[in-house]
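All of the numbers you see were taken from the coordinates with simple rules; none came from a lab. Since the structure is predicted, the reported quantities are computational estimates derived from the model, not experimental observations. Here Cβ is always computed from backbone atoms with ideal geometry, including for glycine, and neighbour counts include all displayed protein chains.
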Amino acid sequence: MRLPLIVGNWKMYNTKVMAVNLVEGILQKIAQPHDREIVVCPPFTALDSVFRVIKDTCIKLGAQDIYWENEGAYTGEISPAMLVDAGCAYVIIGHSERRKYFYEVDKTVNNKIKAALLHNLMPIVCVGESLEIREKGETKSFVVSQIKEGLANITSSEALKIVIAYEPIWAIGTGKNDSPQSANDTILEIRNALTDLWGYEVSQKIRILYGGSVKPENIDGFMREKEIDGALVGGASLKVDSFTRIINFE
Ligand code: PGA
């Protein structure tokens, strides 16, 4: 049994006060669920403020990115130890916006995953195809190659601490979600690739999320699919009502 996971990716939204108001609002509206896990990923500047509010609750803290060195002259970067110090348990790695605007590639994704694992941060590793790749019918081979290169040289015991998020780029922030069946099919291919890397038993334990225009109106459909273990939510995680409805999926 894989524990369902709902992650809110706040992207470059919310000052400290706004972030605290949002997470307090979420806490007021949810029971402390034991059958699902909840993570919020504020911008770096609000991590500490949000952690102070959630530290004794069921909500866990995640960051949106990480650098792979422990410390050094890397202007603008954040180290794994700094994220742990701020209270993070999770970190999003390789989001398509990082790949598109900041030129991240599978090799840097791989470095970041290894650094996170060394510091006991759970990586949420994002993969997903562009519309062009989708239209050429190459979605599966593309995401499988992102998985195999991004997760190269990682042991099976490390693999158990990783979460994958399948996010078709054309569905992110566009309001156009993949259908639950189609997302489930691609996620099954991803799980098969995990079996190739680490064997069947390990692949059955790794959680794979869907992301891309997840909303209150479509979450229940995604969560009914066998291979989909949760959601990575952008826009709809910025409002108390929509995010709590997603957390309370049926
Ligand atoms: P969206 O973003 O829910 O706004 O489509 C998802 C994501 O980027 O993780």
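Quick notes on this one:
- Farthest toward positive dipole pole in the stretch 137-250 [+1 Lys/Arg, -1 Asp/Glu at C-beta], among ILE228, PRO216, TRP170: PRO216
- Net charge of neighbours whose Cβ lies under 10 Å from the Cβ of LYS148, counting Lys and Arg as +1 and Asp and Glu as -1: -3
- Taking label points 7 Å from Cα along the Cα-to-Cβ direction, ASP185 and ARG224 give a separation of 1.8 nm.
- Each part gets one Cα centre, and for the stretch 25-99 versus the stretch 213-242 those centres are 19 Å apart.
- Alpha carbon convex hull of the chain, projected area averaged over orientations, nm²: 12.4 nm²
- Net length gained if the chain between LEU118 and ASN192 were fully extended (0.36 nm per residue, minus Cα distance): 24.1 nm
- Per-residue ellipticity at 222 nm computed for the chain from its helices equals -11500 deg cm²/dmol, with DSSP H segments shorter than 4 residues left out and the rest contributing -39,500 (n - 2.57).
- Pairwise FRET efficiency - GLU71 versus GLU132, Cβ, R0 = 51 Å, nearest 0.05: 0.80
- Given charges at Cβ of Lys, Arg, Asp, Glu: the chain dipole, positive-most of VAL39, LEU117, LEU160: VAL39
- The magnitude of the dipole of the chain, with charges of +1 and -1 set on the Cβ of Lys/Arg and Asp/Glu and taken from the Cα centre, is near 300 debye.
- In this structure the amide hydrogen of ALA165, modeled in the peptide plane, comes within under 5 Å of the amide hydrogens of VAL125, CYS126, VAL127, LEU209, none closer than 5 places in sequence on its chain.
- Kirkwood-based shape ratio for the stretch 1-65, expressed as Rg/Rh from alpha carbons: 0.96
- Other residues whose C-beta falls under 11 angstrom from the C-beta of SER179 contribute a net charge of -2, scoring Lys and Arg +1 and Asp and Glu -1.
- Cα-centred dipole magnitude for the stretch 60-136, charges only on beta-carbon of K, R (+1) and D, E (-1), debye, nearest 20: 200 debye
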